[in-house]
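Novice: This is the structure, below, for whatever I ask next.
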């Protein structure tokens, strides 16, 4: 297992405000400066990862180290691959510990985007390390709970954490009974080499998802799930 705990974290205020879709004058400039300075002083994004090797393949499942994950999309993505990397990346617990809300929802909203920026730094550093270690020219990832439930159920996050050991001791990320991660700006999953850019969004029916990175691809869905008797309905929550 490899830990990444010395990840550079800098914030571009203009880019931050743009990604948060906040006009520059929506908050007192001094408040924004203080939030950014506090985040850069205390923020410690982190990640950990380890290689895993395929032990068994099924049309709807794949097994690593005796632990089986049920996902037709995951099995399809790894059908010709022997090794992947399981990972957890996080903004770090420090940003939750240092921020004390004053009740301003816009300030809290901006702080959440600051945490997302820290997570982005962790993911970028993770990919940089794996590109060097694995020698991949291109990679994609899948995460439990990303997109429709059928793609890779979030409950399988428990098994992913088992592969990584004591994640909380290493980088402070805990898994709740409902399989959500704390801090909330944390991501887990498996990275694998690919010749095309796979995104779980291509299999997700949620048209209004704020985190959507690419359009739903009905042809890809039917190529994987055409034998399924039930097609998931759009989730507009």
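All of the numbers you see were taken from the coordinates with simple rules; none came from a lab. Worth saying up front: this structure is predicted, and the values here are computed from it rather than measured. Neighbour counts are summed over all protein chains in view; Cβ atoms, including those assigned to glycine, are modelled from backbone coordinates with ideal geometry.
Novice: Under a point spin-label approximation (7 Å from Cα along Cα-to-Cβ), what is the residue 162-residue 132 distance to one decimal in nm?
Specialist: 3.4
Novice: Suppose the chain between residue 63 and residue 149 were pulled fully straight at 0.36 nm per residue; how much longer would it get relative to their current alpha carbon spacing?
Specialist: Working: separation 86, 0.36 × 86 = 30.96 nm, distance 1.94 nm.
Using 0.36 nm per residue and subtracting the Cα-Cα distance, I get 29.0 nm.
Novice: Any chance you could get the radius of gyration and Dmax over the Cα atoms of segment 88-195, in Å?
Specialist: When restricted to Cα atoms, segment 88-195 yields Rg and Dmax of 15.2, 47 Å.
Novice: Hey, rough spin-label estimate for residue 42 and residue 54, points 7 angstrom out along Cα→Cβ, what's it come to in nanometres?
Specialist: Between residue 42 and residue 54, the simple spin-label model gives 4.5 nm.
Novice: What relative contact order, as a whole-number percentage, does segment 2-196 give when Cα pairs under 8 Å and 6 or more residues apart are counted? Can you show the working numbers first?
Specialist: On the way: 323 pairs, mean separation 51.2, N = 195.
Relative contact order comes out at 26 percent.
Novice: Which three extents, in whole angstrom, do the alpha-carbon atoms of segment 2-196 cover along their principal axes, largest first?
Specialist: That gives 56, 35, 30 Å along the principal axes, largest extent first.
Novice: Related question: Project the alpha carbons of segment 1-112 onto their principal axes and report the range along each, largest first, in whole Å.
Specialist: Extents along the principal axes, in whole Å: 56, 27, 23.
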